[in-house]
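Trainee: Got a structure for you, written out below as structure tokens; questions coming shortly.
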Amino acid sequence: MDGGCPGAEQVPDLIAGASRVFMLAVGKAAAGMAHEIERRIGDKLADAIAVIPRGATSERALDAEKALILKKLKKKVRVLASGHPVPDESSEAAAHAACEMLHGAAADDLVIVALSGGASAMFTRPAEGIALADKIAVNQALLKAGASIRELNVVRKHLSAVKGGRLIRHCGGARVLGLIISDVPGNDLATIGSGLTAGDWSSVGDAVAVMKRRNVWGRAPESIRGYLERALARETDATVKSSDPILERVTNVIIGDGDVALEGAERAAAALGYHPDRWKELRGEANDVGRAIAKHLCEVTHERACVVAGGEPVVTVRAAGRGGRAQQCALAAAIELSEIGPGRRITALFAGTDGIDGPTDAAGAFASPGTVANGDRAGVSAGTALIRNDSYNFFKAAGGLFVTGPTGTNVSDIFVALVNY
């Protein structure tokens, strides 16, 4: 809550001018953010909820520092564990509890909403008439179809009672301060956490178009199609648009993002004697991204280069293998490196900054020109694993999995490669 971020200069005045402060923290960094906000707000904090990923309430799963934070939060802040990456009943219960708390706020109060990666899944309140199971089914279908985070959140917003700015309507007319750690390339406020405190640029028609483009519309539950069709006919409540006067009492501040992580990686590389090289954003199908990165690495001529990039590729799931987008990228890159860069001194890491890549216990994986041969020696085929979306089992056998455990935050995926070292 210090300066250095656009809008941050308003934060001290917002806090000083509030009679009371209500706080909602949601996401993978919720525990740390809630602890820091609680420390700074002090006695003005009237009520607070931290929604954290399920499993984080087990202190054995946390390091000593995070366990200490969680113990401190339990003194003043209600801690609710929620489902991720797939929402479930606990995600809906968390949203209901938060809305009940926020209904106690008044016009002279301040509501702080601290958002970080994972908030969309962990904070779910379906629109009236939509069953949670139906919304989950659509979310899963879009994920398997390779929908981008932007596309996913367009649909999520228009099926929600809290996303797309609708959470603001639960805040009793209070001033709202969004403190946001972004896991979305470009830091689109309407996409991060599905825009709990931001105006929505998308329309219901956009949500329908995404579902049709990804071949999900015809397979969607009747409650979903019916709701969206009624919304198109303006029979249902709309998301908050940028022209809505309610946004005049909202201030959103990005306090961390992928660029911050990449800048830190570049500084660390320079300190170790490497030449930092920022590559373009990781965007598109993971297989294509991995191959493109491999080609770029083989074109690097600078000695002791460290190439870094960030973003969020997607995987169109076509088989029942196990893996995540970072591991899929790493495997595609490894195959390309084995063909165009044999013998080159290249080691690349693809990883999720949250320490979780897909439904696995790995953050990502390492790739090099020798990775495919390592798989051959272990009796696993890189090409077959790529087709089967089975990157996790390939790297588990061949070596190269990067396992950190949950990091407690998320600023999208990161790529770091050492070249000519």
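Trainee: All but one of (1) part of a loop (DSSP other than H, G, I, E, B); (2) charged (D, E, K, R); (3) at pLDDT 95 or above hold for Glu128; state the number of the condition that does not hold.
Mentor: (3)
Trainee: So, one more: Only one of these is in a loop (DSSP other than H, G, I, E, B) and among the aliphatic types (A, V, I, L, M): Ala98, Ala105. Name it. Please lay out each step first, then the result.
Mentor: On the way: Ala98 fails: in a loop (DSSP other than H, G, I, E, B).
Unique residue meeting the criteria: Ala105.
Trainee: Here's another thing I want to ask about it. Taking Gly118, is it surrounded by fewer than 22 Cβ atoms within 10 Å (Cβ to Cβ) and within 18 Å of Ser412 (Cα to Cα)? Steps first, answer last, please.
Mentor: Working: surrounded by fewer than 22 Cβ atoms within 10 Å (Cβ to Cβ): no; within 18 Å of Ser412 (Cα to Cα): yes.
No, not satisfied.
Trainee: While we're here: Pairs please, first residue from the stretch 17-46 and more than 19 Å from Gly193 (Cα to Cα) and in contact (Cβ under 8 Å) with a residue 24 or more places away in the chain, second anywhere and aromatic (Phe, Trp, Tyr) and surrounded by 24 or more Cβ atoms within 10 Å (Cβ to Cβ), Cβ atoms under 6 Å, 6+ apart in sequence or on different chains.
Mentor: Close Cβ pairs satisfying both conditions: Ala46/Phe22.
Trainee: In addition: Which count do you get for residues in the stretch 248-302 that are part of a loop (DSSP other than H, G, I, E, B) and surrounded by fewer than 17 Cβ atoms within 10 Å (Cβ to Cβ)? I'd like the intermediate steps shown before the answer.
Mentor: We begin by selecting, within the stretch 248-302, every residue part of a loop (DSSP other than H, G, I, E, B); these are 257, 272-274, 279-281, 283-284, 300-302.
If we keep only those that are surrounded by fewer than 17 Cβ atoms within 10 Å (Cβ to Cβ) too, we end up with 272-273, 280-281, 283-284, 301-302.
Matching residues across the stretch 248-302 total 8.
Trainee: Pick out the one residue from Gly226, Gly199, Gly193, Gly173 that is more than 30 Å from Val315 (Cβ to Cβ), assigned to a helix (DSSP H, G or I) and either of a type in the set (Ser, Thr, Tyr) or in contact (Cβ under 8 Å) with a residue 12 or more places away in the chain (or both). Please lay out each step first, then the result.
Mentor: Values: Gly199 fails: assigned to a helix (DSSP H, G or I); Gly193 fails: more than 30 Å from Val315 (Cβ to Cβ); Gly173 fails: assigned to a helix (DSSP H, G or I).
Among Gly226, Gly199, Gly193, Gly173, only Gly226 is more than 30 Å from Val315 (Cβ to Cβ), assigned to a helix (DSSP H, G or I) and either of a type in the set (Ser, Thr, Tyr) or in contact (Cβ under 8 Å) with a residue 12 or more places away in the chain (or both).
Trainee: Right, here's the next one. Does Asp88 satisfy being under 25 Å from Val11 (Cβ atoms), acidic (Asp, Glu) and modelled with pLDDT of 90 or more?
Mentor: Values: under 25 Å from Val11 (Cβ atoms): no; acidic (Asp, Glu): yes; modelled with pLDDT of 90 or more: yes.
Against the criterion (under 25 Å from Val11 (Cβ atoms), acidic (Asp, Glu) and modelled with pLDDT of 90 or more), Asp88 does not qualify.
Trainee: Starting from residues that are touching a residue at least 24 places away in the same chain (Cβ under 8 Å) and of a type in the set (A, V, I, L, M, F, W, C), keep the ones in the stretch 255-269 and report whichever is farthest from Gly310 (Cα to Cα). Even if it seems obvious, please write down each step before you answer.
Mentor: Of the stretch 255-269, the ones touching a residue at least 24 places away in the same chain (Cβ under 8 Å) are 255-262, 265-266, 269.
Going one step further and asking which of them are of a type in the set (A, V, I, L, M, F, W, C), we end up with 255, 260-262, 265, 269.
On the way: Ile255: 17, Val260: 10, Ala261: 9, Leu262: 7, Ala265: 11, Ala269: 16 Å.
Ranking the candidates gives Ile255 first.
Trainee: Could you check how many residues of the stretch 273-317 are free of Cβ contacts under 8 Å to residues at least 24 places away in the same chain and over 24 Å from the mean Cα position of the chain (by Cα)?
Mentor: Of all residues in the stretch 273-317, those free of Cβ contacts under 8 Å to residues at least 24 places away in the same chain come to 292, 296, 299.
Now drop any that are not over 24 Å from the mean Cα position of the chain (by Cα), which leaves 296, 299.
So the count comes out to 2.
Trainee: Does Ala330 satisfy the criteria of being without any contact (Cβ under 8 Å) to a residue 12 or more places away in the chain, of a type outside the set (Ser, Thr, Tyr) and assigned by TED's automatic domain parsing to the domain that holds Asp390?
Mentor: Values: without any contact (Cβ under 8 Å) to a residue 12 or more places away in the chain: no; of a type outside the set (Ser, Thr, Tyr): yes; assigned by TED's automatic domain parsing to the domain that holds Asp390: yes.
Answer is no for this residue.
Trainee: Something else now. Scan the stretch 320-355 for residues that are out of contact with any Asp or Glu (no Cβ under 7 Å at 6 or more places or on another chain), surrounded by fewer than 21 Cβ atoms within 10 Å (Cβ to Cβ) and not in a helix (DSSP H, G or I) and jot them down.
Mentor: Passing the criteria: Ala320, Gly341, Pro342, Gly343, Arg344, Arg345, Thr347, Leu349, Gly355.
Trainee: Yes or no: the stretch 176-186 includes at least one residue that is surrounded by fewer than 21 Cβ atoms within 10 Å (Cβ to Cβ) and either charged (D, E, K, R) or part of a helix (DSSP H, G or I) (or both). Walk me through how you get there before you give the answer.
Mentor: In the first step, residues of the stretch 176-186 are kept if they are surrounded by fewer than 21 Cβ atoms within 10 Å (Cβ to Cβ); the result is 186.
Then keep just the ones that are either charged (D, E, K, R) or part of a helix (DSSP H, G or I) (or both); that gives none.
No, that holds for no residue.
The values are calculated or read from the model by the stated rules, or taken from the named source; none is laboratory data. Worth saying up front: this structure is predicted, and the values here are computed from it rather than measured. Positions of Cβ are backbone-derived with ideal geometry, glycine not excepted, and every protein chain shown enters the neighbour counts.
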